[in-house]
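The structure's right below; bear with me while I get my questions together.
The values are calculated or read from the model by the stated rules, or taken from the named source; none is laboratory data. Treat the numbers as computed from the prediction; the structure is a model and nothing was measured. So basically every Cβ, Gly included, is an ideal-geometry build from the backbone, and we count neighbours across all protein chains shown.
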């Protein structure tokens with residue numbers, strides 16, 4: 001392996017992602033100061049200079065640790081050194097449900113989206129993808145979660161999903177970039193940290209290597225399957241939708257996997273938040289296991305009920321509205 005091979009690999013990954021994204025005049029890079037995002041910024045700056053693109057740096061300061069402003073300023077300085085002139089430090093306040101990790105992720109994505117760029121590159125690597133798949137498996141979240149992250153989901157672009165973390169670290173070493181090691185990345189209080197530092201190394205040892213790439217391949221295969229099923233379920237939803245309600249006869253003729261996907265899209269469009277597999281199966285029972293039962297409650301104070309051969313979703317229904325006959 002040549003000394004510059006890690007750098008070549010990161011640049012190749014960025015080129016491939018930009019080719020897939022199509023024509024853009026501006027591209028933003030989210031940078032934390034860690035190896036993954038710095039290697040991404042360096043590769044993007046190099047590639048953009050060859051293509052005549054303008055690169056913007058976005059540094060998010062979560063304010064979760066003492067000295068976070070200094071870390072953000074240091075990351076911004078390195079971006080300037082890479083030739084990225086327009087650098088913004090986005091300071092966020094982390095609040096909300098789901099613990100600090102989930103709340104920080106929500107705040108970060110909101111800040112990055114509010115910057116308004118059509119394409120924002122994120123430094124998630126093959127190792128991050130493997131961890132995401134394991135988290136989905138452990139939570140029983142279903143194929144959509146196990147399918148992991150998508151490489152291009154505008155405005156988000158993830159060029160490094162096939163690039164190991166070791167490659168980004170090596171690229172930073174070759175380029176002489178100063179990497180910030182987030183203390184949270186070694187804190188065993190976070191499930192993802194224990195997966196990274198304990199579970200994946202054990203799996204690599206027991207299964208004789210190749211676990212992270214195998215999990216990433218599994219994610220890619222499931223993503224293809226999920227996209228195909230989503231296309232079919234969208235057609236089913238269009239066929240079953242009547243004035244905001246769903247025709248049970250149309251839905252009942254299809255497999256449960258398609259029905260539940262159609263139900264999921266319908267409920268999300270109606271404003272129902274935080275749907276789980278249990279919620280969808282309960283709503284689907286109004287189709288596949290119909291015995292005249294009453295409405296099913298779903299998050300956000302919504303209820304799904306069946307009446308006169310149709311499903312309807314209502315917000316905060318009165319008790320008299322919860323029943324019905326099909």
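Of the conditions (1) within 30 Å of residue 130 (Cβ to Cβ); (2) in contact with a helix residue (DSSP H, G or I) (Cβ under 8 Å, 6 or more places away or on another chain); (3) at pLDDT 95 or above, residue 284 fails just one. Which one is it?
(1)
While we're here: Just the residues that are surrounded by 15 or more Cβ atoms within 10 Å (Cβ to Cβ) and over 15 Å from residue 144 (Cβ atoms), please, taken from the range 260-280.
266, 270, 272
Quick one: which residue in 58, 38, 64 is assigned to a loop (DSSP other than H, G, I, E, B), touching a residue at least 40 places away in the same chain (Cβ under 8 Å) and assigned by TED's automatic domain parsing to the domain that holds residue 154? So that I can check it myself, show each step before the final result.
Working: 58 fails: assigned to a loop (DSSP other than H, G, I, E, B); 38 fails: assigned to a loop (DSSP other than H, G, I, E, B).
That would be 64, the only listed residue that is assigned to a loop (DSSP other than H, G, I, E, B), touching a residue at least 40 places away in the same chain (Cβ under 8 Å) and assigned by TED's automatic domain parsing to the domain that holds residue 154.
Something else now. Between 212, 315, 240, which is in contact with a strand residue (DSSP E or B) (Cβ under 9 Å, 6 or more places away or on another chain), buried (at least 20 other Cβ atoms within 10 Å of the Cβ) and in contact (Cβ under 8 Å) with a residue 12 or more places away in the chain?
Working: 212 fails: in contact with a strand residue (DSSP E or B) (Cβ under 9 Å, 6 or more places away or on another chain); 315 fails: buried (at least 20 other Cβ atoms within 10 Å of the Cβ).
On inspection, the qualifying residue turns out to be 240.
Specify the residue that is farthest from the chain's Cα centre (by Cα); the eligible residues are those in the range 198-247 that are assigned to a loop (DSSP other than H, G, I, E, B) and over 28 Å from residue 286 (Cα atoms). Quick ask: steps written out before the conclusion?
Taking the range 198-247 and keeping what is assigned to a loop (DSSP other than H, G, I, E, B), we get 207-210, 243-244.
Right, trim to over 28 Å from residue 286 (Cα atoms) and you get 207-210.
On the way: 207: 27, 208: 29, 209: 26, 210: 23 Å.
It comes out as 208.
Within the range 146-165, how many residues are touching a residue at least 12 places away in the same chain (Cβ under 8 Å) and either out of contact with any helix residue (DSSP H, G or I) (no Cβ under 8 Å at 6 or more places or on another chain) or assigned to a helix (DSSP H, G or I) (or both)?
Going through the range 146-165, the residues touching a residue at least 12 places away in the same chain (Cβ under 8 Å) turn out to be 146-152, 154-165.
Next, from what is left, pick out any that are either out of contact with any helix residue (DSSP H, G or I) (no Cβ under 8 Å at 6 or more places or on another chain) or assigned to a helix (DSSP H, G or I) (or both): 146, 156, 165.
Qualifying residue count, the range 146-165: 3.
Moving to a separate point now. Restricting to the range 1-31, name every residue that is in contact with a helix residue (DSSP H, G or I) (Cβ under 7 Å, 6 or more places away or on another chain) and not in a helix (DSSP H, G or I).
Matches in the range 1-31: 3, 4, 27, 29, 30, 31.
Here is a follow-up. With the checklist (1) crowded, with 16+ Cβ neighbours inside 10 Å; (2) at pLDDT 95 or above; (3) in contact with a helix residue (DSSP H, G or I) (Cβ under 6 Å, 6 or more places away or on another chain) in hand, flag the one item residue 247 doesn't pass.
If we test residue 247 against (1) crowded, with 16+ Cβ neighbours inside 10 Å; (2) at pLDDT 95 or above; (3) in contact with a helix residue (DSSP H, G or I) (Cβ under 6 Å, 6 or more places away or on another chain), just (1) comes out false.
Okay, next question. Those residues that are within 23 Å of residue 65 (Cα to Cα) and in contact with a strand residue (DSSP E or B) (Cβ under 7 Å, 6 or more places away or on another chain), I need them from the range 101-122; list them, please.
108, 111, 112, 122
Here is a yes/no grid of residues against (1) in the same structural domain as residue 193 (by TED's automatic domain parsing); (2) surrounded by fewer than 16 Cβ atoms within 10 Å (Cβ to Cβ); (3) closer than 21 Å to residue 94 by Cβ; (4) modelled with pLDDT of 95 or more:
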site	(1), (2), (3), (4)
113	yes, yes, yes, yes
121	yes, no, no, yes
124	yes, no, yes, yes
129	yes, no, no, yes
132	yes, no, yes, no
141	yes, yes, no, no
146	yes, no, no, no
156	yes, no, yes, yes
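Kindly indicate the residue of the range 79-93 that is over 12 Å from residue 58 (Cα atoms) and over 26 Å from the mean Cα position of the chain (by Cα) and also surrounded by the most Cβ atoms within 10 Å (Cβ to Cβ) among those meeting that condition.
First, pick out the residues of the range 79-93 that are over 12 Å from residue 58 (Cα atoms): 81-83, 92-93.
The next check asks that each one be over 26 Å from the mean Cα position of the chain (by Cα); those that pass are 81-83.
On the way: 81: 13, 82: 20, 83: 13.
Selected residue: 82.
Between 46, 80, which is outside any loop (DSSP other than H, G, I, E, B), modelled with pLDDT of 95 or more, in the same structural domain as residue 108 (by TED's automatic domain parsing) and over 17 Å from residue 120 (Cα atoms)? Explain how you work it out, then say what you get.
Numbers: 46 fails: over 17 Å from residue 120 (Cα atoms).
Of the residues listed, the single one that is outside any loop (DSSP other than H, G, I, E, B), modelled with pLDDT of 95 or more, in the same structural domain as residue 108 (by TED's automatic domain parsing) and over 17 Å from residue 120 (Cα atoms) is 80.
Give 31, 24, 14 a once-over and let me know the one that is under 19 Å from residue 151 (Cβ atoms), crowded, with 16+ Cβ neighbours inside 10 Å and modelled with pLDDT under 95.
Numbers: 31 fails: modelled with pLDDT under 95; 14 fails: modelled with pLDDT under 95.
Just one listed residue meets the conditions, 24.
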